[in-house]
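Step one of this worksheet: look at the structure below.
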Amino acid sequence: MPKKLNNFWWLVLILIAGFVARIVLVNKVIVGDELTFFEWGQKFWEWGPAGYYFGNHTWFYSYPNYPPVIMWIFAGLSWLFQHRYWLAQMHNIVRFPPAFFIVYFYKYGELLLYKLLPILSDLGLGVIIYKLVVKLTGKKPRALMAAAFFVLNPLTVFLSGAWGQIDSLVALLGMSAFLLMVNKKIAWSMIFFFLAMYIKPTWGLLVPFYLYLLYLQKPVLKKLITGVLIVLSLLAVVSLPFADGNLIKFTQKIWYDRYFVPIKYSGRASSSAFDFMTIFLKIDRDPYNAKVLGIIPADLLGLIFYIILNILACKFLKKSKDKLWGTLVGIFIVGTGGFLFMSNMLERYFFAGFVPMIIVMFVDIKTFFYGLIINLIFMANLLWSFYRRGSDEIDHPFTNNNFLLIKILSVIVVAAFSKFYLAVRRVKI
């Protein structure tokens, strides 16, 4: 390594520090979500894919409500852990990996494998942030600060290293899809967007904006058809083993029984999210159709906000000279705005707009303060949601006095988002 570190080595050090910060948390926190993932991977090998989703099975934690792509991944991780004895055999032959790692892996290897998905995705997103800030500003030191802000952010470290959620994996694929679309790699973009949606459909909020970006690119019909055919082929390949021969029926059933029904019939105005709905309604208690100020149902109001957000994002994109900049701001507007203004939002659904927000914060410094406030409140939201059931000391300050602190934080984060948008819309890039 050179005596004076260049930007490449600084980025490497940031990524290593972020990796270590997450790895040390891997075996410190084991929660129900991780145990559910373990069960999904293990039961795949016991029951096989046919009837896996809708067969007459008894699930200890939860029936699978994630799409098939992630189930294949979980099954692969489960298989790797089941064959962990290979590590000992390898050590006996070549003395690698070291004995201490084998002992660790036998005890915590399943946790490590599953949490590596979001951990490595975080590092990939850090690289993307660095490259995009360099591209938009030409300032590598600022890009390094942006990458460090994300990779070493307590929010992202906690979400992947401790909680083990896969939101960053979805974000990595979703961001890649939009960046490929900006560069007119139509077929590749469609593949990545399909994978993001078929791992966890939290980027579904961005479908209209994605389609508008596709329209602006004026794709050649041949490329468009190629992309559609590849996506349909991937859909068939990953779904048919679960579909038991009837792909159309399976696709309809998984949508209505596993995605649509829980949202429509079991949803809340806010599902543990500090957002616009919690200002007026009770978090986790009032249903999705409860009336805001006694006037309009939360789900209808959220839909109106969602339409407005998409119009604002599309107008910004159309007026932007640099379509990369317009795309990033648009993802932030719809991703973060959708989380804050729509009903039935879970505390982690902010992540679709989080990476673009950080990029914008370091490109347009005028937005930094508002982005920092949003970041801090999202972190408070995660900590409360994660610990509230096991710690009254954490829960009560937020929920006492009719959820007063949650309502205050919700007002602040909605105001910060509004100020962020007003600041960035004045920037001409």
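The values are calculated or read from the model by the stated rules, or taken from the named source; none is laboratory data. Remember, predicted model here, so these are calculated numbers, not experimental data. Because the Cβ atoms are built from the backbone with ideal geometry, glycine has one as well, and the counts that use them run over all protein chains shown.
Scanning the stretch 383-413 for residues that are more than 17 Å from residue 348 (Cβ to Cβ), assigned to a helix (DSSP H, G or I) and hydroxyl-bearing (Ser, Thr, Tyr) returns a single hit, 399. Can you name the number of the only condition in (1) among the hydrophobic types (A, V, I, L, M, F, W, C); (2) more than 17 Å from residue 156 (Cα to Cα); (3) part of a loop (DSSP other than H, G, I, E, B) that residue 29 fails? Checking residue 29 against (1) among the hydrophobic types (A, V, I, L, M, F, W, C); (2) more than 17 Å from residue 156 (Cα to Cα); (3) part of a loop (DSSP other than H, G, I, E, B), the one that fails is (2). Any residue at all in the stretch 377-398 that is modelled with pLDDT of 95 or more and under 29 Å from residue 429 (Cα atoms)? Yes, some residue in the stretch 377-398 is modelled with pLDDT of 95 or more and under 29 Å from residue 429 (Cα atoms). Assess whether residue 228 counts as being surrounded by fewer than 16 Cβ atoms within 10 Å (Cβ to Cβ) and more than 21 Å from the chain's Cα centre (by Cα). Yes, satisfied. Candidates in the stretch 314-343 are the residues that are touching a residue at least 60 places away in the same chain (Cβ under 8 Å) and charged (D, E, K, R); of these, the one that is surrounded by the fewest Cβ atoms within 10 Å (Cβ to Cβ) is 321.
Residue check: residue 411 meets all listed conditions (1) surrounded by 15 or more Cβ atoms within 10 Å (Cβ to Cβ); (2) touching a residue at least 24 places away in the same chain (Cβ under 8 Å) but one, namely (1).
Select from the stretch 82-118 the residues that are polar (S, T, N, Q) and more than 33 Å from the chain's Cα centre (by Cα) and write down the one among them that is surrounded by the most Cβ atoms within 10 Å (Cβ to Cβ). That would be 89.
The residue of the stretch 264-299 that is surrounded by the most Cβ atoms within 10 Å (Cβ to Cβ), among those that are in contact with a Ser or Thr (Cβ under 9 Å, 6 or more places away or on another chain) and part of a helix (DSSP H, G or I), is 277. Could you look through the stretch 144-189, keep only residues that are among the aromatic types (Phe, Trp, Tyr) and in contact (Cβ under 8 Å) with a residue 60 or more places away in the chain, and pick out the one that is nearest to residue 214 (Cα to Cα)? It comes out as 178.
One residue stands out in the stretch 241-270 among those that are modelled with pLDDT of 90 or more and not aliphatic (A, V, I, L, M): the one that is farthest from residue 345 (Cα to Cα), namely 241. Residue 29 falls short on exactly one of the conditions (1) surrounded by fewer than 13 Cβ atoms within 10 Å (Cβ to Cβ); (2) touching a residue at least 60 places away in the same chain (Cβ under 8 Å); (3) not acidic (Asp, Glu), and that condition is (1).
Residue-wise test of (1) at pLDDT below 95; (2) in contact with a helix residue (DSSP H, G or I) (Cβ under 8 Å, 6 or more places away or on another chain).
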site: 274; (1), (2): no, yes
site: 278; (1), (2): no, yes
site: 293; (1), (2): yes, yes
site: 306; (1), (2): no, yes
site: 311; (1), (2): no, no
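The set of residues from the stretch 242-257 being farther than 19 Å from residue 194 by Cα and surrounded by 14 or more Cβ atoms within 10 Å (Cβ to Cβ) comprises 244, 257. Of the residues examined, residue 49 is one that is assigned to a loop (DSSP other than H, G, I, E, B), over 27 Å from residue 122 (Cα atoms), in contact (Cβ under 8 Å) with a residue 60 or more places away in the chain and in contact with a helix residue (DSSP H, G or I) (Cβ under 8 Å, 6 or more places away or on another chain). The listed residues are 352, 416, 380, 423, and the only one of them that is of a type outside the set (S, T, N, Q), part of a helix (DSSP H, G or I), touching a residue at least 24 places away in the same chain (Cβ under 8 Å) and farther than 25 Å from residue 167 by Cβ turns out to be 423.
Does the stretch 397-407 include one or more residues that are closer than 26 Å to residue 151 by Cβ, touching a Leu at 6+ places or on another chain (Cβ under 9 Å) and either surrounded by 15 or more Cβ atoms within 10 Å (Cβ to Cβ) or among the aliphatic types (A, V, I, L, M) (or both)? Looking for residues that are closer than 26 Å to residue 151 by Cβ, touching a Leu at 6+ places or on another chain (Cβ under 9 Å) and either surrounded by 15 or more Cβ atoms within 10 Å (Cβ to Cβ) or among the aliphatic types (A, V, I, L, M) (or both), one finds none in the stretch 397-407, hence no. Where helices (runs of 4 or more DSSP H) sit wholly within the stretch 83-195, those with at least 3 residues that are modelled with pLDDT of 95 or more occupy 99-137, 140-151, 154-157, 167-182. Take the conditions part of a helix (DSSP H, G or I), in contact (Cβ under 8 Å) with a residue 24 or more places away in the chain and either more than 24 Å from residue 124 (Cβ to Cβ) or over 24 Å from the mean Cα position of the chain (by Cα) (or both) and apply them to residue 307. Does it pass? Considered against the rule, which asks whether it is part of a helix (DSSP H, G or I), in contact (Cβ under 8 Å) with a residue 24 or more places away in the chain and either more than 24 Å from residue 124 (Cβ to Cβ) or over 24 Å from the mean Cα position of the chain (by Cα) (or both), residue 307 comes out as no.
Name the residues in the stretch 204-220 that are more than 21 Å from residue 233 (Cβ to Cβ) and either assigned to a helix (DSSP H, G or I) or under 18 Å from the mean Cα position of the chain (by Cα) (or both), would you? Result: 204, 205, 206, 208, 209, 212, 213, 215, 216. Regarding the stretch 407-426, can at least one residue be identified that is of a type in the set (A, V, I, L, M, F, W, C), out of contact with any strand residue (DSSP E or B) (no Cβ under 7 Å at 6 or more places or on another chain) and over 26 Å from residue 334 (Cβ atoms)? Looking for residues that are of a type in the set (A, V, I, L, M, F, W, C), out of contact with any strand residue (DSSP E or B) (no Cβ under 7 Å at 6 or more places or on another chain) and over 26 Å from residue 334 (Cβ atoms), one finds none in the stretch 407-426, hence no.
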